[in-house]
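The values are calculated or read from the model by the stated rules, or taken from the named source; none is laboratory data. Quantities reported herein were computed from a predicted structural model and do not represent experimental measurements. Glycine gets a Cβ as well: all are built from the backbone with ideal geometry, and neighbour counts include every protein chain shown. Note: accessible area is taken over every heavy atom of the protein model, side chains too, but ligands, DNA and RNA are not part of it. Shrake-Rupley method; radii C 1.70, N 1.55, O 1.52, S 1.80 Å.
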Amino acid sequence: MQHHRVDFFEDWRDLARRLVSQGVAPHDVHWIDGRADERSGQLDLFADESASKAGTPTPLASEKSDPRITDASNRDGNAPAKLRVPVAFLGIAKTVSHHRSGGRWELLYRLLWRICHGERHLMNIASDPDVLRAIEMEKAVRRDAHKMKAFVRFRKVIDQDGEHFIAWHRPDHYSLRYTCEFFARRFDVMRWTIMTPEESVSWDGTELSFGPGMPRSESPAGDELETLWKTYYANIFNPARIKLKAMQAEMPKKHWATMPETELIDSMLREAPRRVEKMIAQTDAIVTAKAFVPQTDSLDELREAASACQGCELCHSATQTVFGVGPKDASIMLIGEQPGDQEDLRGVPFVGPAGQLLDEVLEAVGLDRRELYVTNAVKHFKFTRSGKRRLHKKPSSREVAACRYWLDAEIQLIRPRQIVCLGATAASVILGPNFRLGEGRGRVVETEEADWTMATYHPSTLLRARDNRDALQAVFESDLRQVADRQRQSAPR
């Protein structure tokens, strides 16, 4: 058994390449998380420092960048002399290396070993336990990095060199090195320092430099810029879009202490009803679907009323309203963006090419579409003409908002336990306008509409994909398999 201590991705990459070339199997390597040792102040007695630093192997290469890397250290013949790894693996490995789990190095080496020993397309198999775990860890790091970019608040101090902006943040993972180049680009003309409990990074206008971690007590308490920031935040606050559960999920309370605007939240929530009434009074003249939505417990009556809706301009060009379909007691609701050309002609959602692909994937994961409620955020087809063809055109935020009343009515009648948002438009309606599909796809959250809500790709995204269609479909299928597993777990026995 070999023991190797690793701190950062570059160390692991060089060492892993040499071990694979020498034929050292995953079960013969014990990976030691050097950063965890630093936090605990202890050293692993079994760490082989000399082995970790020995040699100067060539870094792993992707198949697109350098397809022929020869390793002269391959002496036992148990591993290929030429190591080629997919770009997808290198990308996910670099991100996973920032995860706090001490098992990340072991997982990455196991994936690398399998790729180099016959499983060339392993990263395309989203259902594989190792790949699935790597994807979950990658998403966790990306979420943490997103929060760091959103929640870091600089405070100005004056030192011997002039203005210095300092922030303190407590990430869930090792996200500082993952995000520091973003801050260097965004605030390139400032001299700044970001502190975390594990390490700190500073930018002097030219280069980044890393230092030890700092407690929050070392960061400044406030500055004169906070008053301006609070005024701005109070003015952009939209009381009509309050989603308390979603807000706390996206902005955990552990970050509130370093964010000056959070001092305003309680008072803004108390004033929200009055501000909403004022907004409604100012916008009564704007036409929406609200006036067309009846108070009824009948899904058929709701569908009939929707056929006469004139809540936005789309009703004048579309053939007909395309309302949701499915049983009233459906436990799962699928929400897309809007009907397409075939849906507009037939009056049923998801019956065109995207719907056919959706049906295939639903069948593959064990979901019966007849038991689901399928609808769209917008009920009329928005298009632009190209000769005789009608091409899909993304609905505006105004049109999505105007049609929101129909979707709310459907949700209130169906009361689904699970909601799946297919695509960014549906996700923005349920999860808020700041939701980003690239960062939040596949993540399960609780919303006011359902206890179990998740966003994934729209099937049309897969149809438009060229080079990575198989990979996207594997991820899409994996997401819907979560839905099927959840349904089976919650079904009465």
From the square roots a ≥ b ≥ c of the eigenvalues of the alpha-carbon gyration tensor of the range 156-228, which class results: rounded (a/c under 1.5), prolate (a/b over b/c), or oblate? oblate
Roughly how many Å² is the accessible area per residue of the range 421-476, as a whole number, for a 1.4 Å probe? 45
Length gain on complete extension for the stretch Val189 to Arg389, per 0.36 nm per residue less the alpha carbon to alpha carbon distance? 67.0 nm
To the nearest 0.05, the calculated FRET efficiency linking Ser490 and His117 through their beta-carbon distance, R0 being 45 Å, is 0.70
With 0.36 nm assigned to each residue of separation and the Cα-Cα distance removed, Asp341 to Lys149 gains 65.1 nm
In the structure shown, of Lys94/Lys382; Lys290/Lys382; Lys147/Lys328; Lys290/Lys328; Lys94/Lys149; Lys147/Lys394, the pairs separated by more than 30 angstrom at the C-alpha atoms are Lys94/Lys382; Lys147/Lys328
Label-point separation, Lys328 to Arg170 (7 Å along Cα→Cβ), nm: 5.0
Given a Förster radius of 35 Å and the C-beta distance between Asp408 and Ala465 as r, what FRET efficiency does 1/(1 + (r/R0)^6) yield to the nearest 0.05? 0.65
Modelling each spin label as a point 7 Å along the Cα-to-Cβ direction, I'd like the Gln2/Ala36 distance in nm, to one decimal. 2.0
Subtracting the Cα-Cα distance of Asp359 and Lys139 from 0.36 nm times their residue separation yields 76.5 nm
So for the range 99-227, using the alpha carbon gyration tensor with a ≥ b ≥ c as root eigenvalues (a/c under 1.5 gives rounded; past that, a/b versus b/c decides prolate or oblate), I'd call it prolate
Under the classification rounded if a/c is under 1.5, otherwise prolate if a/b is larger than b/c and oblate if not, where does the range 369-493 fall, given a ≥ b ≥ c as square roots of the Cα gyration tensor eigenvalues? oblate
Keeping every protein chain present and rolling a 1.4 Å probe, give me the accessible area per residue for the range 103-148 in Å². 38
Just to verify a number: FRET efficiency for Glu371 and Glu181, C-beta to C-beta distance, R0 = 60 Å, to 0.05? 0.80
